[in-house]
Each structure stands twice: as structure tokens, then as C-alpha cells.
Amino acid sequence: MTCTDSSNGTNGSTSSTSRRLTLAAAATTTALALVTLSACGTSSDAADPESGGTVRLDVNGQPPKTQAFERKLFDKHVRQFEKAHPDIDIVPHEGFMDPKTFNAKLAGGKLEDVFYVYFTDTRSLIEKRQAADITDAVKDMPRLGDIQDPLMKIFQDEQGRQYGLPTSNYSMGLLYNRALFKRAGLDPDQPPKTWADVRKAAKKIAGLGDNTVGYADFSKNNQGGWHFTAELYSRGGRVAEERDGEWRAAFNTPEGKATLQDLYDMRWKDNSMGSKQLLQVEDVQRMMGSGKLGMYVAAADNITVVAKQFGGTYADYALAPVPDAKATLLGGEGYMLNPKASPEKIKAGVEWIGWRYQNPDLIEKNVADYAEAELPVGIPMPTVPDIFKGEVRDRIEKVKKDNANMPVANYQAFMDSAPNIPGVIEPPKAQQVYAVLDSVMQAVLTKKNADIDALLADAEKKVDAIYDAA
């Protein structure tokens, strides 16, 4: 059964950066969309299992029609699932969870039974009891033990009760241009391993001239704070820590100062970051696609964006672990269940999530479908979610390599290191915190007289005030 909700314009193929920012700025649901949702039904429409009826399950996450291949594949999966589970009727809806309309949809009975969520939203939803406890429903779930433990914990409360399931994740690495490395006399098979290495390589690349930039960074629209967080994590620092049940700023530390000092030195002493600043993701991706940028911190999905939207060549790009590699910013997504869902719906919802998103057999078929459609296969993400561990992860990686139409060797260092680098999710109140840290990044990259100690101290006070007001 097909029924769509076009109220949310986000979709699963957008880059990790723009997905977060689009969600944060998503428009409120229109009256037309509410009518559509009402016509499609809600979690109150549960079938009576004793009467032998089917369980109606409203799920979101259906790609929009503009993503023809992904939409066709999703709808095929719905049909296949229903054939294998004749007692479950899947009713798909376009779009994902919009924080601006979530509470209203939940209170009004319009929230889907199975809804998409970012890792950063899970804690708040669990604390507010806005997601169903699915602990009992997942006990006998196939492949549960094959999913990475840290990802499962993101959907757990302090007692270890389960409130959702991870379906995809990304972590940050160092995206670099192999062609520029060669031109600068650097070995593209030996990317920088430390931030000191990054600085040296950036200086050589900038030395090529012709407006070539060695290293670029973001500094506006909350993306500066986001990247500061990723770079700080890589050094072992943290943006915020919980102390006695309260969150406090934690970046005014030697690691925080070192992060900013390296950026300052590359910008003002080495002239390896270029004079144009106040950049955001599209600016940097455009620079990389034009062959004028050597490196920046990114998730793997940026590779496809740079190649498809900004004229780059896949073979030119490689992804290495984050410099220093003491930790990496972890992002991702999963699905939770409507807290008003009946036990029958919860059971059906867990069955759908496990079959659609955590099924190695289906993932193998997806890889083949993508390869047949001549879509990218072999990049660390997508089409394949990196949520598994052990033998299952090895099996999926082999299938990717066997069907790859991308230069897999360019990403091998990143993939080999991923299981060994601790992943840390974004801090609470992330967007508000990032707005404060944006100003710090802007000052360091645009003011030669920037006082890093003063900037960190001022930002610390402002972030503590954000947490005090929570």
C-alpha cells in the first residue's frame, strides 16, 4: 500500500551536513499535508489481531519521487516485505522526523508508527517518553548481536532499555585530493596521520600557486562549530561533558586551544587556507570539485556530492582517518516507534526495521541493484550502512568490493581504521552550541589579532548559559 507525506523535503541521499541543516530549518507542515496524513491513517488504526486482520503500519523514510531509483527500490521492498509478512500492511510516507512539527503530530495522533530519527535526538525523545520501549520486541531479533554495541546504546536509556534501532551511521575522516598530492610531491598513498602532518601537507599544496588551497574549513551557519567539534574530538577533546547530571562546556582545554592554534597558524603563518573565509559546505565542496583544494574534514558521502554536483572525478579523491584519530565525530540515523503504538504495531515495526535496514541478505541485493543501475558502489557510505561488526561487516565489505565501480583502495585506510576509532556523537543542544562556536572559528580565520584564550573563555560562558537555560 502506498501513501505519501510530502511535508518534509529532506531525503536519505542528501549529504550528512545538509541533512542535519535541512532538518533544523525544515518548514512547518502544511494544511494539505495534514489532510494527506489524516487520509492515510495513524497509529490509532491498529488491526484487531484476534479477528485475524492485518496490522496496519505507517512508516516514514520513503524517498521522494525526484529520487526515482531510490523510490522504486523502497517501494519494491515494501511489496517484498508484505509478501513475506501477509499479516502486516506497510503504509509508507515520504520524509522524516521534523522537530518543529514532531510534538504536534504526536499529540494529534498524526505521527507515523515507525519514524526516522537522528542520533542526536534519541536521548531527548527517550527522556520525554516520546518513543516506545521496544526491549521485549527485540530480544529474539535476528542479527541483533551483529550490530555495533555503541550504536545500539545510542537508543538505550540508563537502565539499558531499548527505544529504537540504528540503521546507518557516518564518521568523519580526512577527504583529500590525490592529484594535488602528487603535484605537490606528496605520496597520495600515505595521507597525513596527525594534525602536524596536515599542516605540512597543506603548506606544500598551497605552494602550487594559482589560488590552490591546502586545507579548508567551515565557519558559518553552525557548520564552523560542527567542524570545530569534529577536529576537537580527533585530538581527544570534548565540546561538552555531563557533570552531576548537568551538561557543561568542555572545550576550553589544551585540546581546544591546539585545534584553534593549528587553524590560526595555517591561515596566517603558512597562508595555506586561502584568503577567502566564512565558508560553508557547498563552498568547500565546490573548491574540491574544481581541483583547487587539497584537504578538508568530511564524511564519506561528500565524495559523491563533489563528483556529481561539482564536477569532480571519483578517482581523484581519497578518504583517510581523521588526523590523530583519538576519536571521531559520529553521526547517523535510525528508527523509533510511536509511544502510542500497540504491542502488535511494535512487534510489526521491529520486524520491518530489521528486515529493511539490518538485513545482510537484502543489503547484498541492494549492492547488486545499485551496481546494475551504474550508481556508485564501493564508497564507505551509502549504499551500504556501516552498522555491523565482525563477520557480518566483513561479508558486506567483500560484497561491496566484488561489485565496486569506485576506486575502493582510495578509502581502504578509512575503512580499516573505523572499528578502532571511538565514535562520539554531537553534544546536547548541538545547534545552539555550534552557533556560539561559529563566532570563534570566524574570529580565528578572519582576524590576525585573534586572542584564542579569550575566545574560548567567552564561548565557554555562553555555552554554559545555554545548558543552564535547558
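The values are calculated or read from the model by the stated rules, or taken from the named source; none is laboratory data. This one's a predicted model, so the numbers in the text were calculated from it and none came from an experiment. Cβ coordinates were reconstructed from backbone atoms using ideal geometry, including for glycine residues, and neighbour counts include every protein chain displayed. Accessible surface is based on the protein model in full, side chains and every heavy atom, while ligands, DNA and RNA are left aside. Shrake-Rupley method; radii C 1.70, N 1.55, O 1.52, S 1.80 Å.
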Would you be able to say whether some residue in the stretch 308-323 is within 30 Å of residue 125 (Cα to Cα) and out of contact with any Leu (no Cβ under 8 Å at 6 or more places or on another chain)?
-> no
Considering only strands (runs of 3 or more DSSP E) fully contained in the stretch 174-275, which possess at least 2 residues that are closer than 30 Å to residue 407 by Cβ and touching a strand residue (DSSP E or B) at 6+ places or on another chain (Cβ under 8 Å)?
-> 213-215
Qualifying positions in the stretch 142-187 - in contact (Cβ under 8 Å) with a residue 12 or more places away in the chain, among the basic types (Lys, Arg) and touching a Pro at 6+ places or on another chain (Cβ under 9 Å) | 143, 178
All positions within the stretch 295-316 that are out of contact with any strand residue (DSSP E or B) (no Cβ under 8 Å at 6 or more places or on another chain) and of a type outside the set (Lys, Arg) = 304, 305, 309, 310, 311, 312, 313, 314, 315
Screening 272, 290, 342 for residues that are surrounded by fewer than 23 Cβ atoms within 10 Å (Cβ to Cβ) and either out of contact with any Ser or Thr (no Cβ under 8 Å at 6 or more places or on another chain) or closer than 20 Å to residue 184 by Cα (or both) leaves only 290
Would you check if residue 397 is at positive phi and charged (D, E, K, R)?
-> no
Tally of residues being hydroxyl-bearing (Ser, Thr, Tyr) and open to solvent by 30 Å² or more (accessible area, probe 1.4 Å) across the stretch 408-421 | 0
Determine whether the stretch 422-430 contains at least one residue that is of a type in the set (Lys, Arg), more than 30 Å from residue 462 (Cα to Cα) and either in contact (Cβ under 8 Å) with a residue 12 or more places away in the chain or open to solvent by less than 50 Å² (accessible area, probe 1.4 Å) (or both).
-> no
Return only the number of the condition from (1) modelled with pLDDT under 90; (2) of a type outside the set (Ser, Thr, Tyr); (3) closer than 25 Å to residue 357 by Cα that residue 89 does not satisfy.
-> (1)
Can you pull out the residues in the stretch 182-196 that are within 16 Å of residue 321 (Cβ to Cβ) and either touching a Cys at 6+ places or on another chain (Cβ under 6 Å) or open to solvent by less than 60 Å² (accessible area, probe 1.4 Å) (or both)?
-> 188, 191, 192, 194, 195, 196
Which pairs do you get when a residue that is farther than 13 Å from residue 342 by Cα, found in the stretch 45-66, comes within reach of a residue that is at pLDDT 55 or above and of a type in the set (Gly, Ala, Ser), reach meaning Cβ atoms under 7 angstrom, with the pair 6+ apart or on two chains?
-> 60/95
In the stretch 156-181, residues that are surrounded by fewer than 20 Cβ atoms within 10 Å (Cβ to Cβ) and over 25 Å from residue 380 (Cβ atoms) total 6
Considering the stretch 345-364, residues that are without any contact (Cβ under 8 Å) to a residue 60 or more places away in the chain and within 23 Å of the chain's Cα centre (by Cα), and then whichever is least open to solvent (accessible area, probe 1.4 Å), we arrive at 363
In the stretch 130-152, which residues are surrounded by fewer than 16 Cβ atoms within 10 Å (Cβ to Cβ) and at pLDDT below 95?
-> 139, 140, 142, 143, 144, 145, 149, 150
Test residue 405 against the criterion of being surrounded by fewer than 21 Cβ atoms within 10 Å (Cβ to Cβ) and not in a loop (DSSP other than H, G, I, E, B), and give yes or no.
-> no
Set 408, 433, 399: member being over 28 Å from residue 312 (Cβ atoms) and among the β-branched types (Val, Ile, Thr) | 433
Residue tally, condition in a helix (DSSP H, G or I) and open to solvent by 20 Å² or more (accessible area, probe 1.4 Å), over the stretch 74-104 | 11
Would a scan of the stretch 378-391 turn up a residue that is open to solvent by less than 40 Å² (accessible area, probe 1.4 Å), touching a strand residue (DSSP E or B) at 6+ places or on another chain (Cβ under 9 Å) and assigned to a helix (DSSP H, G or I)?
-> no
Output yes when any residue across the stretch 114-126 is more than 18 Å from residue 151 (Cα to Cα) and not in a helix (DSSP H, G or I), and no when none is.
-> yes
Residue 247 within 15 Å of residue 441 (Cβ to Cβ), among the hydrophobic types (A, V, I, L, M, F, W, C) and open to solvent by 10 Å² or more (accessible area, probe 1.4 Å) | no
Does residue 301 meet the test of being out of contact with any Phe, Trp or Tyr (no Cβ under 6 Å at 6 or more places or on another chain), modelled with pLDDT under 95 and either open to solvent by 10 Å² or more (accessible area, probe 1.4 Å) or not β-branched (Val, Ile, Thr) (or both)?
-> yes
Within the stretch 392-402, considering residues that are of a type outside the set (Asp, Glu) and surrounded by fewer than 17 Cβ atoms within 10 Å (Cβ to Cβ), the one farthest from residue 151 (Cα to Cα) | 401
